[in-house]
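One structure below.
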Amino acid sequence: PARPAGMGTVPEPCPQAPLAVLSKVELRVSCKHLLDRDTLNKSDPCVLLLMQSQGQWMEVDRSEVIKSNLNPVFAKIFTVDYYFEEVQKLRFEVYDSHGQAGVGTHDDDFLGGMECTVGQIVAQKRVTKPLFLKYGKFAGKSTITIISEEISGNNGYVELAFRAKKLDDKDLFSKSDPFLEIYRIDDDRSEQLVYRTEVVKNNLSPIWEPFKVSLNSLCSCEEKRKLRCVVWDYDSRGKHDFIGEFFTTFEEMQKAMGENKVQWDCMNPKYKIKKRNYKNSGVVVLLDLKIHRVYSFLDYIMGGCQIHFTVAIDFTASNGDPRNSCSLHYINPYQPNEYLKALVAVGEICQDYDSDKKFSALGFGARIPPKYEVSHDFAINFNPDNDECEGIQGVVESYQSCLPKIQLYGPTNVAPIISKVARVAADEERTKEASQYFILLILTDGVVTDMADTREAIVRASYLPMSIIIVGVGNADFTDMQILDGDDGVLRSPKGEPVLRDIVQFVPFREFKNASPTALAKCVLAEVPKQVVEYYSYKAFPPRCPRPPSPEPSLGSPQ
């Protein structure tokens, strides 16, 4: 079928277009059991939202004032930008407002405050915490609840297949040459062309080629938005003859999924007025409709996907004797070493996305008790049945207590640990659900000795729900490590098989020596949301059902 002359088709959306890591999140706030500060009637609460920026709390926005209510549900929706790779600290402060004077910040008007991170809110979808007064005092039984929702810009695209039957014949010596146009009707009643099919020559019952359009362009992601569909008889001079039109919505189109078809009378309003027995100018049939959702990182997180964090620490002899202050493993009571700085910076962010807050901590390249044989994947808590530590603090403590018990040795083999985490990820993959994604943080002071095995292990891991972050500690020459980070080219196994996805991020810690640890975390974690989405899109695993917000978990003690 020919394309109409001078008619550009609407560009097809690219389903693999990289998704922006930045999302916007809406926060809705409600409170219960607020303190009553007013003598004659109840408090008139208002919420201020503050965000921490360079150590300072800055007011971002405030809610409306709700008159005389100790259990307010605020209509105001707070919008914040969301970055996975940052710890974004929020503070909600509730005040009793006094009419014209606005929101006072006097102590007697302060009904309580609460601190949390954006990560905690999106990972739990609903956070309920007690409100605290100054100096960590509970504000009676007051609680605040925050519910989060992602503002989704693009939720995928749709594939449509149309045909028509018994269209009016507009040509004298041949049959009509029909094509179909779909318009979206915007809020201001203006019409926006969404798609124009090809022309099918000389055919009153044409079957048009299936086509794809984004849901955003078809209906602005609103299923009830009106669409106008027009059938024309093509004219090479551009004076196309109007055959007929019909109106529909994406909601109605969806009845065509599976075996069903939907059809519309194609109407010419002039004929309807003039001809007494006019029925239609043909019918248009939607033969098939397929929806291809494009999900964001937050769709998966809010659907209950947990991020499991494993850290692997290099205990090879090149680090230097831990008792010597020149050693990279030296424990200085006043200043954490590079291993600890990197571990805490990355772990602090990952912990918001793991509900049990337990982290696997492994070591490699040391001789370990009782027999002092070299191990390349031992639990640093020396519990072979359970290598998990309680929180980032638990990992730090296990690291510090294991140092005196082991003998630093070699070589620097990391393939065994990659394969160990990959086995757990492979078990997870068999569930066919987007329920757990694994991040392995490898901290090493030198170039890997088992490079061929490591490349093979990374290629295998690229088919599994996992990402690998390697931080080079100390001043070694890490040039060879850049090969593992596929940014410059595609990493291949020794046999030449390419990785399915680029899952490795390598950075030398020394590049961040003078920056804050948050800069390191930002750099190594920025790719993770894209890697998560790429994996689940490749597997065609949708997010698990968006969880109903969990029953009010308390996030506990005063900040």
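Could you give the C-alpha radius of gyration of the range 298-404 expressed as a fraction of 2.2 N^0.38 Å, taking N as the number of residues it contains?
1.15
Please report how far the C-alpha centroid of the range 114-172 lies from that of the range 234-262, rounded to the nearest whole angstrom.
Centre-to-centre distance over Cα atoms comes out at 32 Å.
Treating cross-link reach as a plain straight distance, find the lysines whose alpha-carbon is under 24 Å from the alpha-carbon of residue 272, omitting any fewer than eight places away in the same chain.
165, 166, 170, 175, 226, 239
By the scheme Lys and Arg +1, Asp and Glu -1, what is the net charge of all other residues having a beta-carbon under 12 Å from that of residue 362?
Summing Lys and Arg as +1 and Asp and Glu as -1 gives -3.
Between residue 191 and residue 220, what length comes free when the chain is fully extended (0.36 nm per residue of separation minus the Cα-Cα distance, one decimal in nm)?
So the chain would gain 9.2 nm between residue 191 and residue 220.
Could you state the angle between the C-alpha long axis of helix 528-539 and the longest principal axis of the C-alpha atoms of the chain, as a value from 0 to 90 degrees rounded to the nearest 10?
Approximately 50 degrees, to the nearest ten.
What value, in deg cm²/dmol to 500, does the helix sum -39500 (n - 2.57) over DSSP H runs of n ≥ 4 give at 222 nm once divided by the residues of the chain?
For the chain, the value works out to -5000 deg cm²/dmol.
What pairs in 129/432; 224/290; 67/89 have C-alpha atoms more than 25 Å from each other?
Check vs 25 Å cut-off fails for 129/432; 67/89.
Report the local net charge at residue 283: Lys and Arg +1, Asp and Glu -1, summed over other residues whose C-beta lies under 10 Å from its C-beta.
Here the count lands on +3.
Treating each Cα of the chain as an identical point scatterer and ignoring solvent, apply the Debye formula and state log10 I(q)/I(0) at q = 0.06, 0.08, 0.09 Å⁻¹.
For the requested q values the scattering log ratios are -0.45, -0.73, -0.85.
Report the extension gain between residue 373 and residue 166 in nm, rounded to one decimal, defined as 0.36 nm multiplied by the number of residues separating them, less their alpha carbon distance.
66.2 nm is the gain from fully extending residue 373 to residue 166.
Can you pull the percent of the range 157-292's accessible area that's carbon plus sulfur, 1.4 Å probe, other chains left in place?
Of all accessible area on the range 157-292, carbon and sulfur atoms account for 47 percent.
Semi-axes, largest first, in whole Å: what does sqrt of 5 times each Cα gyration tensor eigenvalue give for the range 23-151?
25, 15, 14
If we count every other residue with Cβ under 12 angstrom of residue 408's Cβ, Lys/Arg +1 and Asp/Glu -1, where does the sum land?
Residues close to residue 408 contribute a combined charge of 0.
Give me the Debye-computed log₁₀ of I(q)/I(0) at q = 0.13, 0.14 Å⁻¹ for the range 157-292, equal point scatterers on Cα only, no solvent, two decimals.
One equal scatterer on each Cα of the range 157-292 leads to -0.54, -0.63.
Below 8 Å, C-alpha to C-alpha, sequence gap of six or more: please give me the relative contact order for the chain in percent.
Rounded, it is 13 percent for the chain.
So for the range 398-496, what percent of the C-alpha to C-alpha distances run longer than 16 Å?
62 percent
Nearest 10 degrees, 0 to 90: what angle lies between the long axis of helix 391-402 and the longest principal axis of the chain (Cα atoms)?
That works out to roughly 30 degrees.
In bins 10 Å wide, starting from 0, what share of all Cα pairs of the range 297-539 does each bin hold, as a percent?
7, 34, 39, 17, 2
Relative to the longest principal axis of the chain, what angle (0 to 90°, nearest 10) does the C-alpha long axis of helix 415-429 take?
40 degrees
The values are calculated or read from the model by the stated rules, or taken from the named source; none is laboratory data. These figures come from a predicted structure and were not determined experimentally. Cβ sites come from the backbone with ideal geometry, for glycine too, and all protein chains shown count toward neighbours. The accessibility values were calculated without ligands, DNA or RNA, using every heavy atom of the protein model including side chains. Shrake-Rupley method; radii C 1.70, N 1.55, O 1.52, S 1.80 Å.
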